[in-house]
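> The structure's right below; bear with me while I get my questions together.
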């Protein structure tokens with residue numbers, strides 16, 4: 001059945017198609033921010049807007065003849081093969097393991113129920129298949145298309161941040177807010193802005209504050225990397241500050257830990273970037289030092305500021321173990337480990353069980369084999385950073401790789417803390433973009449015995465994989 005989201009979504013898709021010139025990845029990445037909305041409802045199941053965007057725009061792109069069928073030249077084949085193996089194994093587990101281990105107690109929602117193949121497996125397999133389509137579409141896209149899609153992904157995060165500010169305005173002065181449009185998914189509880197210890201907590205277009213923090217951190221990471229490695233622009237700095245403020249107002253442990261990772265990992269990666277490029281932006285260094293000094297002075301001199309910091313730290317970190325959400329997450333971890341043991345460490349099948357945390361969800365659903373494949377695939381994305389010939393890589397390609405890896409690291413951090421199945425389309429979009437950007441230079445010649453293989457845009461995906469064998 002259509003929802004209040006359906007018509008606004010179709011109008012948005014038409015506008016995005018025009019603005020992006022039919023870039024399906026850009027449209028999917030932008031619409032993924034509407035996490036708590038549903039374009040169509042089937043009983044208690046809601047269809048995410050990004051899934052409808054993919055189902056509508058991809059066939060149109062194919063009919064118009066604008067879809068490439070060959071892989072982009074120069075790809076990270078190790079990461080590609082490992083992630084494809086994970087997708088294959090996850091799909092296999094969702095269809096077979098619930099039948100093999102039928103009757104094993106698994107926890108769904110609150111109470112344990114006998115394991116059986118059902119609609120939960122079907123729906124999660126559909127989302128897994130859609131994520132795989134996004135992944136394959138990414139690795140067959142050109143660098144120009146990927147750059148455009150990455151810009152629209154960041155724009156989506158910025159729009160979600162503005163909606164969070166609008167949500168705060170609604171909570172304070174009660175201006176009209178489109179609740180029916182933004183929170184139409186029947187499978188989730190409808191949240192609104194509320195207070196914790198007198199401080200407002202926001203969730204924007206997402207089901208809850210931790211989901212918002214875990215999603216927007218990727219956009220903030222990409223913007224932060226651009227601030228560090230590109231000429232300073234006021235608009236880029238302003239949008240980064242906006243995302244930072246909204247993440248702080250999520251009052252989410254997920255968001256705060258991701259921000260710590262952003263600062264630490266960003267600093268380490270930036271030092272490596274400076275050593276490789278041998279240039280330092282003096283203005284950026286001065287601004288960073290000034291901001292750090294201002295924060296230290298404010299914390300030292302201002303009593304209200306110090307009290308606010310202590311209150312936030314107590315609410316988000318220090319007193320977290322006393323909250324109901326922490327106890328619920330701990331119980332879900334224990335249930336996931338018990339399911340892993342009951343299924344002989346191969347898992348109960350994709351979609352059979354969810355836990356709070358990516359690692360626990362993977363262990364409960366696809367077991368140790370699936371966790372190893374996914375972890376190895378993620379680690380392989382960083383292999384190009386170890387390559388000795390990175391200086392010969394075109395600068396634009398290197399910049400795209402660094403931004404994607406930084407964004408992927410932050411997204412995975414959020415999912416490890418409070419995520420579930422890795423079916424977020426933006427995650428697989430960043431996976432594919434890192435694979436494309438992390439390969440060899442665009443023009444590549446390889447000598448294989450007496451054969452000379454030319455790797456170029458005209459070589460299809462199967463031909464490229466055969467050539468690497």
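The values are calculated or read from the model by the stated rules, or taken from the named source; none is laboratory data. Just so we're clear, the structure is a prediction, and the values are computed from it rather than from any experiment. Cβ: placed from backbone, ideal geometry, glycine included. Neighbour counts: every protein chain shown.
> Name every residue in the range 92-116 that is buried (at least 17 other Cβ atoms within 10 Å of the Cβ) and either within 30 Å of residue 398 (Cβ to Cβ) or within 28 Å of the chain's Cα centre (by Cα) (or both), in order of residue number.
93, 94, 97, 98, 106, 107, listed by residue number.
> Considering each residue of the range 245-260, count those that are surrounded by fewer than 24 Cβ atoms within 10 Å (Cβ to Cβ), within 17 Å of the chain's Cα centre (by Cα) and at pLDDT 90 or above, and give that number.
Of the residues in the range 245-260, 0 are surrounded by fewer than 24 Cβ atoms within 10 Å (Cβ to Cβ), within 17 Å of the chain's Cα centre (by Cα) and at pLDDT 90 or above.
> Go through (1) buried (at least 19 other Cβ atoms within 10 Å of the Cβ); (2) assigned to a loop (DSSP other than H, G, I, E, B) one by one and return the number of the condition residue 22 breaks.
The one condition residue 22 does not meet is (1).
> So residue 38 fits all but one of (1) out of contact with any strand residue (DSSP E or B) (no Cβ under 8 Å at 6 or more places or on another chain); (2) buried (at least 20 other Cβ atoms within 10 Å of the Cβ); (3) modelled with pLDDT of 90 or more; (4) not in a helix (DSSP H, G or I); what number is the exception?
Unmet condition: (1).
> Can you name the number of the only condition in (1) within 30 Å of residue 221 (Cβ to Cβ); (2) at pLDDT below 90 that residue 160 fails?
If we test residue 160 against (1) within 30 Å of residue 221 (Cβ to Cβ); (2) at pLDDT below 90, just (2) comes out false.
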